[in-house]
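I have placed the structure first, in the form of structure tokens, so that the comments after it can refer back to it.
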Amino acid sequence: MTAKEKNFEALFQAKIDQEIKIEAKDWMPDAYRKTLVRQISQHAHSEIVGMLPEGNWITRAPSLRRKIGLLAKVQDEAGHGLYLYSAAETLGTTRGQMMDALNEGKAKYSSIFNYPTITWADIGAVGWLVDGAAILNQVMLTRTSYGPYARAMVRICKEESFHQRQGFDIMMSLCNGTAEQKAMAQDALNRWWWPSLMMFGPSDAESQHSEQSMIWKIKRKSNDTLRQQFVDATVDQAKILGITIPDPDLSWNEEKGHYDFGAIDWDEFWQVVKGNGICNRDRLKARRAAYITNGKWVRDAAIAYAEKKQQRDISKVA
Amino acid sequence: MSKSIAYRYTLQIADNSLILGHRLTELCGHCADTEIDLAISNIALDLLGQSRMLFQYAASLSGSTEDEIAMLRSEGEYVNCLLVEQQNEDFSQVIVRQYLFDTYYTLFLKALSQSSSSDELRAFANKTIKENAYHVRFSRAWLMRLGDGTQESHDKTQASLDFLKPYIQELFIPSQVDTAAIADGVGVDMSKYVDQFHTTLQADFAEATLSWEAPKYHVSGGKDGRHSEHMGFILSELQYMQRAYPNSEW
């Protein structure tokens, strides 16, 4: 690193320490840019891939009200994907490049979306737990050091908190319903609880990118801190619903002022991250079909038409 | 105004929105680009919202609930036209189906807002005209892009148009319910608008470089409850939860 670069880096870190946002045209270390592109594009891909498990239930939603609510929610996720791709583009990558990385299996997205939505209650559980877990991370990110990312998150958080309430409301209807409906809700909690805890990522000791991200204030809370916050908030919500969190070790720790919870099966986590979950192959297949097989000719047509139109407009003026 | 005629006529309008909306929801998350996904979902939301408004009105006339009407009738009791139940074969078929319906709906809603004897249906039409104007803008713009885009998109779009055109006439030919509703005053006679519809179509197809020849035959029956093979599969999904878990609140 040259003396000039060292000086830039010191100024950069000083800005971060003073809580001044880094903007697109500001100098930033390559590694900061790279970390952000990786994180924001992963986040954008999670929104887009996340449409698939929830979209799976729109045609089968049990009432018109629920159908419209779910469709509006999944549409919001598409919007979140767009804000985030735009935020990543400010760092010098294009949406096309990010889409290619996703379709080629090079880019990651949140592993939670590799689990299947088997029953209608899964739509409730995904809203309640998965969006609930995502919000804790996203609220933190509204204060992230990179300006465009932080601003995108402010808007996303408003919608996500609505989604979480909608998910809880679906669970509430099920839990106040017939025995069969309540059993459906319990079954969904049983299947989504542990994967939701895994959403916060590996424990702090194992987390590869965390330390530097904390110094750069991309991240402000550790994975384990956020996970604990989620457990503490969710236990009481499960009590209101009258369903049981599938963890025999879950208990209130008076001394710590937090819930203790059982060990997470990290083998399962890494298996799914590596592509061996139930739906990894389906998700990629669906994305490739949408973007490449059924989509490329559509985008090509739009470009060809725009070029023809431009030519015609030029000819008219001439 | 006869209540039973108004009820059956309302279902015919509602079922078109419901079934076309259902077809569009199948695409959610599977479109060529995120912007298209957003637009298709928006149109589906409008259509499902329209159907809900109409089913609520129908429920007030019949004493049942919107979901019972929307999700628990037998197939022969659904009275949508055959066009809207056709599959999402590819994006060109989605667009041509949408363009044909939206263009028809522009004329239908205007007529309904001006001359239906039902306050509720006139109010529905006035609200929906604004939504439909956006839908037309979307489907017409994509008709142009696909028709006059690449050779591949042109060929696919022409094939979709040729496939779907036998379903057009049903939109305008009065069903038994239409005939009763026109006589009652609650309904509008769309057969008067055929020429106007075809004038718009031919101008747009010419601009989109698509060729148009009048279809050699027409198919119909949906508005009288006689559907294509697709309908049963649509209802299998649409009605699944209501049938599997009867008498439940969701």
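Please state which one of A:135, A:118 is in contact with a Cys (Cβ under 9 Å, 6 or more places away or on another chain) and either surrounded by fewer than 22 Cβ atoms within 10 Å (Cβ to Cβ) or at pLDDT 95 or above (or both). Explain how you work it out, then say what you get.
Values: A:118 fails: in contact with a Cys (Cβ under 9 Å, 6 or more places away or on another chain).
Exactly one of A:135, A:118 is in contact with a Cys (Cβ under 9 Å, 6 or more places away or on another chain) and either surrounded by fewer than 22 Cβ atoms within 10 Å (Cβ to Cβ) or at pLDDT 95 or above (or both), namely A:135.
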(message) Consider region B:41-74. How many of its residues are among the β-branched types (Val, Ile, Thr) and within 23 Å of residue B:249 (Cβ to Cβ)?
(response) 2
(request) Kindly establish whether residue A:92 is surrounded by fewer than 19 Cβ atoms within 10 Å (Cβ to Cβ), of a type in the set (Gly, Ala, Ser) and part of a loop (DSSP other than H, G, I, E, B). (result) yes
(message) Checking residue A:234 against (1) surrounded by 11 or more Cβ atoms within 10 Å (Cβ to Cβ); (2) over 23 Å from the mean Cα position of the chain (by Cα); (3) away from chain B (no Cβ under 12 Å); (4) of a type in the set (Val, Ile, Thr), only one condition comes out false. Which one?
(response) (2)
(request) Assess whether residue B:107 counts as being within 18 Å of the chain's Cα centre (by Cα), surrounded by 23 or more Cβ atoms within 10 Å (Cβ to Cβ) and either under 26 Å from residue B:185 (Cα atoms) or within 10 Å of chain A (Cβ to nearest Cβ) (or both). (result) no
(message) Whether any residue in region A:242-253 is more than 28 Å from residue A:182 (Cβ to Cβ), more than 10 Å from chain B (Cβ to nearest Cβ) and at pLDDT 95 or above is what I want to check.
(response) yes
(request) Scan (1) without any contact (Cβ under 8 Å) to a residue 12 or more places away in the chain; (2) under 14 Å from the mean Cα position of the chain (by Cα) for the single condition residue B:59 breaks and write down its number. (result) (2)
(message) Checking the condition surrounded by 15 or more Cβ atoms within 10 Å (Cβ to Cβ), of a type in the set (Gly, Ala, Ser) and within 14 Å of chain A (Cβ to nearest Cβ), which residue from B:228, B:248 passes?
(response) B:248
(request) Among the helices (runs of 4 or more DSSP H) lying completely within region A:135-243, list those that include at least 3 residues that are over 25 Å from residue A:20 (Cβ atoms) and in contact with a Phe, Trp or Tyr (Cβ under 7 Å, 6 or more places away or on another chain). (result) A:147-175, A:179-198, A:223-241
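For the condition of a type in the set (Val, Ile, Thr), more than 14 Å from chain A (Cβ to nearest Cβ) and out of contact with any Lys or Arg (no Cβ under 7 Å at 6 or more places or on another chain), what is the one hit in B:157, B:199, B:209?
Details: B:157 fails: more than 14 Å from chain A (Cβ to nearest Cβ); B:209 fails: more than 14 Å from chain A (Cβ to nearest Cβ).
The match here is B:199.
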(message) Would you confirm, using the coordinates I've provided, whether residue B:224 is out of contact with any helix residue (DSSP H, G or I) (no Cβ under 8 Å at 6 or more places or on another chain) and either modelled with pLDDT of 95 or more or more than 30 Å from residue B:155 (Cβ to Cβ) (or both)?
(response) no
(message) Can you say whether residue B:48 is under 26 Å from residue B:106 (Cα atoms) and in contact with a Lys or Arg (Cβ under 8 Å, 6 or more places away or on another chain), as far as the supplied structure shows?
(response) yes
(request) Working carefully through the options A:66, A:60, find the one that is in a helix (DSSP H, G or I) and in contact with a Phe, Trp or Tyr (Cβ under 6 Å, 6 or more places away or on another chain). (result) A:66
(message) Could you tell me how many of the residues in region B:35-48 are within 7 Å of chain A (Cβ to nearest Cβ) and either modelled with pLDDT under 95 or surrounded by 19 or more Cβ atoms within 10 Å (Cβ to Cβ) (or both)?
(response) 5
(request) Residue by residue through region A:131-185, note down the ones that are among the β-branched types (Val, Ile, Thr) and touching a Gly at 6+ places or on another chain (Cβ under 8 Å). (result) A:170
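Name the one entry in A:286, A:304 that is at pLDDT 95 or above, in contact with a helix residue (DSSP H, G or I) (Cβ under 8 Å, 6 or more places away or on another chain), over 29 Å from residue A:46 (Cβ atoms) and of a type in the set (A, V, I, L, M). Can you show your working first?
Details: A:286 fails: over 29 Å from residue A:46 (Cβ atoms).
Residue meeting the stated conditions: A:304.
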(message) Quick check on residue A:318: is it aliphatic (A, V, I, L, M) and within 22 Å of residue B:142 (Cα to Cα)?
(response) no
(message) With the requirement that a residue be surrounded by fewer than 18 Cβ atoms within 10 Å (Cβ to Cβ), more than 7 Å from chain B (Cβ to nearest Cβ) and of a type in the set (S, T, N, Q), what does region A:267-312 give you?
(response) A:271, A:276, A:293, A:310, A:311
(message) It is to be established whether one or more residues within region B:16-26 are more than 19 Å from the chain's Cα centre (by Cα) and more than 11 Å from chain A (Cβ to nearest Cβ).
(response) no
(request) Consider residue A:239 carefully, then state whether it is modelled with pLDDT under 95 and loosely packed, with under 14 Cβ neighbours inside 10 Å. (result) no
(message) Exactly one condition in (1) of a type in the set (D, E, K, R); (2) surrounded by fewer than 22 Cβ atoms within 10 Å (Cβ to Cβ); (3) modelled with pLDDT of 95 or more; (4) out of contact with any Gly (no Cβ under 9 Å at 6 or more places or on another chain) is false for residue A:23; which is it?
(response) (4)
(request) Output the number of the condition that residue A:75 fails; it satisfies all remaining conditions of (1) more than 10 Å from chain B (Cβ to nearest Cβ); (2) under 25 Å from residue B:234 (Cα atoms). (result) (1)
(request) Go through A:104, A:160 for me and flag whichever is acidic (Asp, Glu), more than 14 Å from every other protein chain (Cβ to nearest Cβ) and touching a residue at least 12 places away in the same chain (Cβ under 8 Å). (result) A:160
(message) Restricting to region A:146-177, and then to whatever is surrounded by fewer than 24 Cβ atoms within 10 Å (Cβ to Cβ) and among the hydroxyl-bearing types (Ser, Thr, Tyr), can you tell me which residue is modelled with the lowest pLDDT?
(response) A:161
(request) Select from region B:231-245 the residues that are outside any loop (DSSP other than H, G, I, E, B) and surrounded by 15 or more Cβ atoms within 10 Å (Cβ to Cβ) and write down the one among them that is farthest from the other protein chains (Cβ to nearest Cβ). (result) B:231
(request) Examine region A:71-84 for a residue that is within 29 Å of residue B:24 (Cα to Cα), polar (S, T, N, Q), touching a Ser or Thr at 6+ places or on another chain (Cβ under 6 Å) and free of Cβ contacts under 8 Å to residues at least 12 places away in the same chain, and state whether such a residue exists. (result) yes
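The values are calculated or read from the model by the stated rules, or taken from the named source; none is laboratory data. What you see is a predicted model, and the numbers here were worked out from it, not measured in a lab. Ideal geometry is used to build each Cβ from the backbone, glycine not excepted, and the neighbour counts take in all protein chains shown.
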